[in-house]
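All remarks here apply to the structure that follows.
Each value in this text was obtained by applying a stated rule to the coordinates, not by laboratory testing. Since we're looking at a predicted model, the values are computed, not measured. Note: ideal-geometry Cβ built from the backbone for every residue, glycine included; neighbour counts use all protein chains shown.
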Amino acid sequence: MDVADLIAKSRHCVVFTGAGMSAESGVPTFRGSGGLWERYRPEELATPEAFARDPVLVWKWYKWRQEIVYNARPNPGHYAIAKLEEAEVVKAVVTQNVDGLHQRAGSKRVVELHGSLWRARCTKCGAVYRLEKPVEEVPPRCPRCSSLLRPDVVWFGEPLPQEAWEEAVRLMAASDVVIVVGTSGVVYPAAYLPKLAKESGAAVVEINVEESAITPIADVFIRGKAGEVLPRLAE
Ligand code: BJW
Ligand code: ZN
């Protein structure tokens, strides 16, 4: 059976995305050439220790990334996934991305495993603030208690938000087809999810410009760009 058919005939198709999903929107990925970690060391920016050491530096990096995403648009891949959800083929998107581009493309059921660039959280009172645009003052402070705010994202060494994780596990266990898009599959526990789906009997379809740590368990590997392959599959 051809892949578009496999997807169209599925009963519970879930999409699992990583940074490559947004690459064609102009949002840099983490690993690989041109990736964020080529210029910055993860442990200097994406850890609680880094934030404790230099919150201004960490916030400058996040403000820069907020500006990129604010000025970016969802690409045809994001729209194709939203269209498949509208057609009741795709049941949900589980994403490692923090950019909010799936929601902007119209996807309704989006599980954010690593938080969002568009929220900040108080390091003292825990209040969470939705951000409409990039932060102006760096570092931003809590309107209630004037303590430091932090990006509401998941850094290395931190647990994933429990509700999001549990929902992702339920979705994967119930899936019959999982489309894995643009992830290197090296960051855990997120990288367990396609394996979990596979063990629950799902077919794993991977879309990536190169092979990843997920490829060995993929039933179908489609080499190509998310923004080109997904619209073809959604037709
Ligand atoms: C295209 C394309 C195009 C390009 N079309 N494709 C088990 C084993 C080993 C290690 C661990 C383990 N469990 C935990 C760990 C430690 C650690 C970890 O995984 N380390 C590994 C890196 C070794 N994990 C953690 O620390 C996690 N926390 C945790 O486990 O807590 C335990 C705990 C429990 C209880 C109490 C306390 C603690 C947290 C991980 C958080 C990850 N955070 C980041 C930053 C988020 C915020 C931010 O954005 O700033 O999440 S790191 C970064 O990597 C980001 C991403 O979501 C994540 C994954 O990256 P992704 O999406 O795969 O991107 P890339 O760049 O890697 O890949 C892009 C892909 O796209 C490539 O394949 C390209 O080919 C492809 N591509 N263009 C299609 N156009
Ligand atoms: Zn506060």
Task: Charge tally in the Cβ shell below 13 Å around Lys9, where Lys, Arg are +1 and Asp, Glu are -1, Lys9 excluded - done: -3
Open item on the list: Just want the answer: with Cβ charges of +1 for Lys and Arg and -1 for Asp and Glu, which residue in Phe221, Val209, Gln162 is farthest toward the dipole's positive end in the chain?
Closed with: Gln162
- [ ] Would you order Trp64, Trp59 from fewest to most other beta-carbon atoms within 10 Å of each residue's own beta-carbon?
- [x] Trp64, Trp59
Task: Of Thr123, Ser147, Val111, farthest towards positive along the dipole that unit charges on Lys, Arg, Asp, Glu beta carbons give the chain - done: Ser147
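Let me know the charge dipole size of the stretch 1-146 about its Cα centre in debye, to the nearest 20, where only the beta-carbon of Lys, Arg (+1) and Asp, Glu (-1) is charged.
Working: 22 positive and 17 negative charges, 98 e Å.
The calculation lands at about 480 debye.
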TODO: Counting only C-alpha contacts under 8 Å and six or more residues apart, can you give the relative contact order of the stretch 1-77 as a whole percent?
DONE: 26 percent
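In what order do Phe221, Phe16 fall by count of nearby beta-carbon atoms within 10 Å, going from fewest to most? Working shown, then result.
Working: Phe221 17, Phe16 31.
Ordered from fewest to most neighbouring Cβ atoms within 10 Å, Phe221, Phe16 come out as Phe221, Phe16.
Calculate for the chain the 222 nm mean residue ellipticity that helices alone would give, adding -39,500 (n - 2.57) per DSSP H run of length 4 or more and normalising by residue count, nearest 500 deg cm²/dmol. Let's see the in-between values first.
Details: 10 runs with 82 residues, N = 235.
Per the formula, -9500 deg cm²/dmol.
Can you run the Rg to Rh ratio on the chain? Use alpha carbon positions and the Kirkwood inverse-distance Rh.
Values: Rg = 17.7 Å, Rh = 18.2 Å.
With Rg and the Kirkwood Rh in hand, the quotient comes to 0.97.
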- [ ] Give the Debye-formula value of log10 I(q)/I(0) at each listed q (0.10, 0.13, 0.19 Å⁻¹), with one equal scatterer per alpha carbon of the stretch 61-154, two decimals each.
- [x] -0.31, -0.50, -0.88
Task: Glu167-Arg130 pseudo-label distance in nm [points 7 Å out on the Cα-to-Cβ vector] - done: 1.4 nm
- [ ] State the extension gain, in nm to one decimal, for the chain segment bounded by Val138 and Lys60, taking 0.36 nm per residue of separation less the distance between their alpha-carbons.
- [x] 27.4 nm
Task: Viscosity 0.890 mPa s, temperature 25 °C, Stokes-Einstein D of the stretch 55-102 from Kirkwood C-alpha radius, µm²/s - done: 196 µm²/s
Task: Separation between Cα centres of the stretch 140-187 and the stretch 1-29, rounded to whole Å - done: 19 Å
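Taking only the Cα atoms of the stretch 116-235, how large is their convex hull per residue, in Å³?
Values: hull volume 17.6 nm³, N = 120.
Per-residue hull volume (Cα only) is 147 Å³.
Set the Förster radius R0 to 30 Å, insert the Cβ-Cβ distance between Met1 and Glu86 as r into 1/(1 + (r/R0)^6), and round the FRET efficiency to 0.05.
Values: r = 23 Å, r/R0 = 0.77.
The computed FRET efficiency comes out at 0.85.
Any chance you could run the full-extension gain for Tyr40 through Glu235? It's 0.36 nm times the residue separation minus the Cα-Cα distance, nm to one decimal. Before the final figure, lay out the partial values.
On the way: separation 195, 0.36 × 195 = 70.20 nm, distance 3.91 nm.
Stretched out fully, the Tyr40 to Glu235 stretch lengthens by 66.3 nm.
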Task: Mean separation of Cα contacts under 8 Å (6+ apart) over length of the stretch 81-202, as relative contact order % - done: 19 percent
Task: Choice from Arg104, Arg39, Arg130 showing the highest fluctuation, given a GNM over the chain with Cα pairs closer than 10 Å - done: Arg39
Open item on the list: Mean-square fluctuation check for the chain, GNM, Cα pairs under 10 Å: which of Gly77, Gly34, Gly100 is largest?
Closed with: Gly34
